[in-house]
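What follows is a short report on a single structure.
The values are calculated or read from the model by the stated rules, or taken from the named source; none is laboratory data. Computed from a predicted model, the values in this text were never measured in an experiment. Backbone-built Cβ (ideal geometry, glycine too); neighbour counts: all protein chains shown. The area values use the complete protein model at the heavy-atom level, side chains included, leaving out ligands, DNA and RNA. Shrake-Rupley method; radii C 1.70, N 1.55, O 1.52, S 1.80 Å.
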Amino acid sequence: MSFNIAIDGPAGAGKSTIAKQLAKELSFIYVDTGAMYRSMALYFMRNDIAKEDEAAISDACKTVEVSIAYENGEQQVLLNGENVSKEIRKEEVGKMASATSVYKEVRKKLVELQQKLAADKDVIMDGRDIGTCVLPNAQVKIYLTASVETRAERRYQELLEKGAACDLEVIKKDIADRDYQDMHREISPLKQAEDAILVDSSDMGIEEVVETIKNIYREKC
Ligand code: C5P
């Protein structure tokens with residue numbers, strides 16, 4: 001039987017950084033489910049499908065192909081065969097993903113893909129609904145969070161290092177808006193699973209968070 005680790009939490013809590021490092025140290029496969037919602041969102045944007053148009057979005061779900069591949073151990077996401085891993089990282093794609101992940105057909109399609117990936121492999125999967133919906137039987141469930149201020153400050157520093165123009169207050173508002181949208185949607189809202197362990201990384205460094213989750217993993221296996 002495969003061993004599954006689910007990591008859920010709000011945008012900017014450090015889920016992907018932590019999950020990637022853990023996957024390397026534990027020799028697990030890392031699955032970034034946000035990238036799948038972003039790829040679908042990119043498709044809707046490219047095809048001028050409005051975020052409010054549920055009928056067109058549901059229709060597109062029948063034909064769009066999202067798949068993942070691994071290149072030097074890094075997850076790549078393919079949209080109808082095209083590698084869109086870089087393009088989906090744009091801020092506007094993240095916002096569109098949050099707006100369109102509310103729809104039943106979008107979630108159904110991607111949840112099926114995620115469950116298939118975890119069925120026969122040891123995976124660390126991060127997202128919003130992994131512990132509550134995608135992998136309810138995951139042996140380890142973590143809810144990784146940090147204050148809005150901490151998450152905004154981290155994002156601000158990241159953008160500054162890249163030389164991008166940014167405004168801390170705008171970033172803070174974007175993060176708070178995305179939290180609200182993800183936590184208040186009707187289907188699979190972001191929330192801590194009853195059996196998930198809360199890790200608040202507001203005052204923790206990356207290494208400390210990785211060690212904390214590794215210790216939780218060791219207790220379970
Ligand atoms: O994690 P990331 O910021 O890449 O996710 C983009 C958006 O995709 C989230 O804001 C959320 O609305 C959606 N998402 C989701 N369920 C997941 C992963 C992401 O609804 N398992």
* Does the range 136-153 contain any residue that is farther than 21 Å from Ala118 by Cα, modelled with pLDDT of 95 or more and open to solvent by 70 Å² or more (accessible area, probe 1.4 Å)? -> yes
* Pick from the range 24-41 the residues that are part of a helix (DSSP H, G or I) and open to solvent by 10 Å² or more (accessible area, probe 1.4 Å): which of them is nearest to Arg89 (Cα to Cα)? -> Arg38
* Asked: Of all the residues that make up the range 162-208, how many are in contact with a Leu (Cβ under 9 Å, 6 or more places away or on another chain), open to solvent by less than 80 Å² (accessible area, probe 1.4 Å) and closer than 19 Å to Asn4 by Cβ?
  -> 2
* To do: Check Asp59 against each of (1) without any contact (Cβ under 8 Å) to a residue 24 or more places away in the chain; (2) open to solvent by 40 Å² or more (accessible area, probe 1.4 Å); (3) part of a loop (DSSP other than H, G, I, E, B) and name the one condition it does not meet.
  => (3)
* Asked: Does Phe3 satisfy the condition of being modelled with pLDDT of 95 or more and either small (Gly, Ala, Ser) or open to solvent by less than 10 Å² (accessible area, probe 1.4 Å) (or both)?
  -> no
* Structure fact -> Filtering strands (runs of 3 or more DSSP E) wholly in the range 89-206 for at least 1 residues that are more than 16 Å from the ligand (Cβ to nearest atom) and closer than 17 Å to Ala11 by Cβ gives 197-200
* Leading residue by the ranking (farthest from Asp129 (Cα to Cα)) among those in the range 65-83 that are more than 13 Å from the ligand (Cβ to nearest atom) and crowded, with 18+ Cβ neighbours inside 10 Å -> Leu79
* **Glu91 within 30 Å of Ala146 (Cα to Cα), in contact with a Ser or Thr (Cβ under 9 Å, 6 or more places away or on another chain) and at pLDDT below 95** => no
* Number of positions in the range 153-171 that are closer than 20 Å to Gly34 by Cβ and touching a Phe, Trp or Tyr at 6+ places or on another chain (Cβ under 9 Å) -> 1
* Does Lys108 meet the test of being open to solvent by 10 Å² or more (accessible area, probe 1.4 Å) and either closer than 21 Å to Lys20 by Cα or assigned by TED's automatic domain parsing to the domain that holds Ile213 (or both)? -> no
